[in-house]
1. Could you check how many percent of all C-alpha pairs in the stretch 195-283 are farther apart than 16 Å?
2. Any chance you could give the angle, 0 to 90 degrees and rounded to 10, that helix 307-325 forms with the longest Cα principal axis of the chain?
3. In 5 Å bins starting at zero, report the fraction of Cα pairs in the stretch 22-106 per bin as a rounded %.
4. If you wrap a convex hull around the alpha carbons of the stretch 32-160, what volume per residue comes out, as a whole number of Å³?
5. Two decimals, Cα atoms only, Kirkwood Rh: what is Rg/Rh over the stretch 266-403?
6. Lys186's amide H: which non-local residues (gap 5+, or another chain) put their own amide H closer than 5 Å, with H modeled 1.01 Å from N in plane and none for Pro or chain starts?
7. Give the Rg (one decimal place) followed by the Dmax (whole number) of the stretch 272-349, computed from C-alpha coordinates and expressed in Å.
8. Please report, for the Cα atoms of the stretch 208-342, the Rg to one decimal and the Dmax as a whole number; what are they, in angstrom?
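Derivation of every value follows stated rules applied to the coordinates shown; laboratory data play no part. The shown structure was predicted, so the numbers you read here are calculated from the model rather than taken from an experiment. Glycine also receives a Cβ, built like all others from the backbone with ideal geometry; neighbour counts cover every protein chain displayed.
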Amino acid sequence: MKIPGSIHARSFGVKLIVVCGLAVPMSVPALFVGGLIQERTRRAAEVVRQISGYSGGQQTFLGPTLVVPYRVAADSMRGPYVVFPSAATAVVRTKTEERRRSLFRVPVFQADLSFEATFDLAGTPSALPSGMEMDWNLAEIVVGVSDVRGALEDATLATGGKVMPLIPAQAQTGIALGSEQNGQIKLTLLGTRIEGIAKPNGKFQVSAEMRFSGAQRLAILSYGNRTQVSAQGDWPSPGFDGGFLPIRRTITKNAYTAEWSIPFIARGVRAEGPLQSIAGLENTALGTSFIEVADPYQSVNRCLKYVPLFLGMVFLCYFVLEVATGRRIHPAQYILVGVVQIIFYLLLLSLAERIGFDGAFAVAGAATVALLSTNAAWVFASRREGLRAMVTFTVLYVVIFVLLRAEDYALLIGAIASFLVVAVTMYLTRRVDWHSPLPAEDSGGPAERAA
């Protein structure tokens with residue numbers, strides 16, 4: 001078939017501009033892959049919410065706190081008065097497992113919590129409104145939990161040699177932490193009366209035992225003027241968050257330990273006051289999150305951000321082979337190469353859900369490199385060019401993988417890799433006459449034609 005002269009008249013320079021320009025429109029289908037990732041991410045979040053709901057969800061706990069009603073003298077009760085312990089200690093032990101639904105996994109935990117609190121009532125009350133008096137006969141110790149559906153056993157309180165069950169508090173059954181805009185945490189208050197134990201200027205100690213299940217995150221509020229918390233569990237990749245980070249932590253392959261120590265001045269909440277003082281503990285949570293280190297959707301989404309760079313490099317490699325061999329490649333061939341790259345991301349996403357990102361990248365990358373190099377052997381009618389393409393694309397995919405894994409150095413690695421690709425291209429095409437027309441189908445390469 002005869003090729004029109006106008007096509008012959010096109011130069012290598014024009015062809016390079018066309019090839020580079022193709023990388024932009026070929027990046028558009030990646031947006032649809034991004035939409036698919038968002039849909040799968042929403043589905044995963046929905047499954048997480050469902051399974052978390054069955055297990056108790058993210059749990060936040062308040063340790064033993066003294067609540068004493070106050071009232072106007074010889075009048076009806078007005079409200080509860082809160083006294084935080086002068087010293088508080090909490091020990092949390094967790095066992096975790098993964099619950100599965102379809103392709104999605106959710107870490108759930110069972111937690112054994114032990115709380116201790118020492119109360120020193122000297123000078124109490126110091127923040128009582130004028131004209132009010134404390135009704136010590138109705139004093140109770142309360143604890144708080146964000147989702148009582150996760151209770152595995154009845155909570156108990158021990159003091160003065162007595163062990164008492166914790167039931168819905170009488171002073172108030174619940175309190176909200178935080179604002180609706182930022183997401184409220186509603187604590188259910190459980191309590192028990194301690195008549196005869198809490199007295200003006202008195203001192204006493206209490207301890208509480210609780211066993212709860214939950215999912216994804218567990219947090220302890222800094223409920224004492226001085227609070228010490230220790231946590232240990234078997235989750236291999238915990239995250240620590242909240243108002244304070246641990247002062248000591250140890251993370252191994254099969255376990256973790258963490259310790260917090262929060263002094264009164266750092267807590268930022270008064271030692272006693274009205275019931276809303278508990279709400280002030282919102283920013284003092286000591287949190288442990290049970291997270292998946294390898295989130296396939298996040299990893300694939302990061303990979304999509306490099307689509308234009310990736311496509312540009314692959315197209316540039318094909319163009320260099322085209323210049324070196326002297327065989328013309330129709331833009332349709334470049335479009336097919338771009339389609340293969342988009343399918344690579346679909347393979348990566350579908351495989352990452354099942355075998356993890358690293359394995360998925362290896363399988364999808366190997367399949368794509370094999371197809372691209374085989375296509376190069378077909379197009380350039382040379383096994384040698386196919387092998388060259390295989391080596392080139394293998395190196396390219398390895399660089400992309402390293403770039404994705406080295407998050408702190410991703411920008412540096414990407415910039416250096418791009419610089420080197422352009423530098424190699426400039427060197428290999430240094431003798432190309434960019435103004436010369438493209439060769440005919442049966443022409444040799446630039447070196448052959450020069451001879």
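1. 65 percent
2. Here the helix axis deviates by roughly 20 degrees.
3. Values per bin, smallest distances first: 3, 9, 11, 10, 9, 8, 9, 9, 8, 7, 5, 4, 3, 2, 1, 1, 0, 0.
4. In the stretch 32-160, the Cα hull volume divided by residue count equals 185 Å³.
5. Answer for the stretch 266-403: 1.36.
6. Here Leu177 satisfy the definition.
7. Gyration radius and largest Cα-Cα distance of the stretch 272-349: 25.6, 85 Å.
8. Gyration radius and largest Cα-Cα distance of the stretch 208-342: 26.9, 85 Å.
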